1. Given points 7 Å out from each Cα along the Cα-Cβ axis, report the Ala201 to Gln444 separation in nanometres with one decimal.
2. Please work out whether the chain counts as rounded, prolate or oblate from its C-alpha gyration tensor, where a ≥ b ≥ c are the square roots of the eigenvalues and a/c under 1.5 means rounded, while otherwise a/b larger than b/c means prolate and anything else oblate?
3. Net charge within 10 Å of Asp339 by Cβ-Cβ distance, Lys/Arg positive one each and Asp/Glu negative one each, not counting Asp339 itself?
4. Amide H to amide H under 5 Å from Leu418: which residues, 5+ apart in sequence or cross-chain, H placed 1.01 Å off N in plane?
5. Please name which of Thr392, Pro426, Val361 has its Cα lying farthest along the dipole of the chain towards the positive end, using unit charges on Cβ (Lys, Arg +1; Asp, Glu -1) and the Cα centre as origin.
6. Counting Lys +1, Arg +1, Asp -1, Glu -1, what net charge surrounds Val99 among other residues with beta carbon under 14 Å of its beta carbon?
7. Which number do you get for Rg(Cα) / (2.2 N^0.38 Å) in segment 68-227?
8. What translational D, rounded to a whole number of µm²/s, comes out for segment 188-244 from Stokes-Einstein when the hydrodynamic radius is the Kirkwood one over Cα pairs, at 37 °C and 0.692 mPa s?
Amino acid sequence: MNNAELIARDLNVVWHPCTQMKDTEAIPPVPIKRGEGVWLEDFDGNRYIDAVSSWWVNIFGHANPAINDRIKTQLDTLEHVMLAGFSHEPAVELAERLVDLTPAGLTRAFYADNGSAAVEVALKMSFHYWRNTGHGEKTRFINLSNSYHGETLGALAVGDVDLYKKTYEPLLLKPLTARSPDCYEREPGMSWEAHSRAVFADMEALLAEHAHETCAVIVEPLLQCAGHMRMYHPVYLELLREACDRYGVHLIADEIAVGFGRTGTLFACEQAGAHGISPDFMCLSKGLTAGYLPLSITMTTDDIYAAFYDDYANLTAFLHSHSYTGNPLACAAALATLDEFERRDQIAVNRGLAQHMADAVAPLADHPNVAEVRQTGMVLAIEMVADKTTKTPFDWRERRGIRVYRHALSQGALLRPLGDVIYFMPPYVITPEQIAHLGEVAAQGIERAVST
Ligand SMILES: Cc1ncc(COP(=O)(O)O)c(C=O)c1O
């Protein structure tokens, strides 16, 4: 088998996600034969550094021996059993460990099998909590502009990225949208903190007017990933937690992309205030299994749990389910992932890696077509623009980011952009040398992308 053969077979039968399939005439999918550490290798022997962790899921590299072993052992023991009426050790141990690791007060783990499903669970549970406690009038959700929470209809409804949402608008719930605290939008000279604090006024006003009909506010803590890697200051989360308490509205922290060390702490919510904040729901997926198997968890509190706990005939139970809920193989992968965090003291190691990422792209900050280089922990983004002073974007139809992508592939790096934003979100097993290489590839790619 070589690249050409597999591509031909693929294009005959596969419909790829998030892809205009006509694009494959010019940019065919890269057929991957094997992976090891940060590397992906195609059928012709070309190797690519997975600089975006295969859509932000991979944490400890491809074919990680410790995670492989744990899954293999689990495979020989129990591959799957339904979680309704049954239980298994990996699901129990994982829930126990996450209760310890996530912010205080999150004491219950509800399993599903992908990020969007975890968001659906949080939305339904919040609404249902209010209904069970005599507040059926609460039917709405507040989200942030530029947010992304997945693509099933409920999750899509509480997102705000037109590219994915607009077409389906007639099918969707209508959230109330507060302005994002995104610091790219700040006035020149203003600090991240001052900007995020000032923008909170918009959220405060929405809560003041709509709290009586609102179930929950949903946010991506610190970092709006699919919304072009836009970042904000933790003060916003602190203000939001306080306001949600004051107005009697739940707070849903969607840490699907930012959890498991991406922002510099195990969970982004830890960075808010002196001691972090505890949301009422925390959605986890992606890095949960280090990119091995689909799994998600919605963590919640005793208070929420208690509102569903009653005699069956009162019909207050949360009857949501998916066939693969809490799959044992996926839970085993997640347990091995948590072990790797401990064994490698990964959060401390990441501080060094994050500095290498900053150093690798520092010169780009002065580039005339780079409006901003921004970073939160292990996520670094470079925003390409037509005009630096006015931050005027390139015409989106020119698809400059794709030019960087193609150049990077030719140089052995997978740098899939978000529009004209190039970003690094690598597995944590990346080395300083590999990071330096990514910096060079990104600089060359941007030079090419803006020069024609
Ligand atoms: C913040 C956030 N929430 C939810 C999702 C949806 O997760 P999934 O793609 O597993 O459905 C994503 C996926 O990128 C995400 O970034």
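Readers should treat all values here as calculations from the given coordinates under stated rules, not as data from a laboratory. For clarity, every value in this text was computed on a predicted model and none was experimentally measured. So basically every Cβ, Gly included, is an ideal-geometry build from the backbone, and we count neighbours across all protein chains shown.
1. Between Ala201 and Gln444, the label points sit 4.9 nm apart.
2. Oblate shape, in that a/c is at least 1.5 and b/c is the bigger or equal ratio.
3. +2
4. Tyr423
5. Thr392
6. The answer is -2.
7. Here the Cα radius of gyration is 1.27 times the empirical estimate.
8. Once the numbers are plugged in, D ends up at 267 µm²/s.
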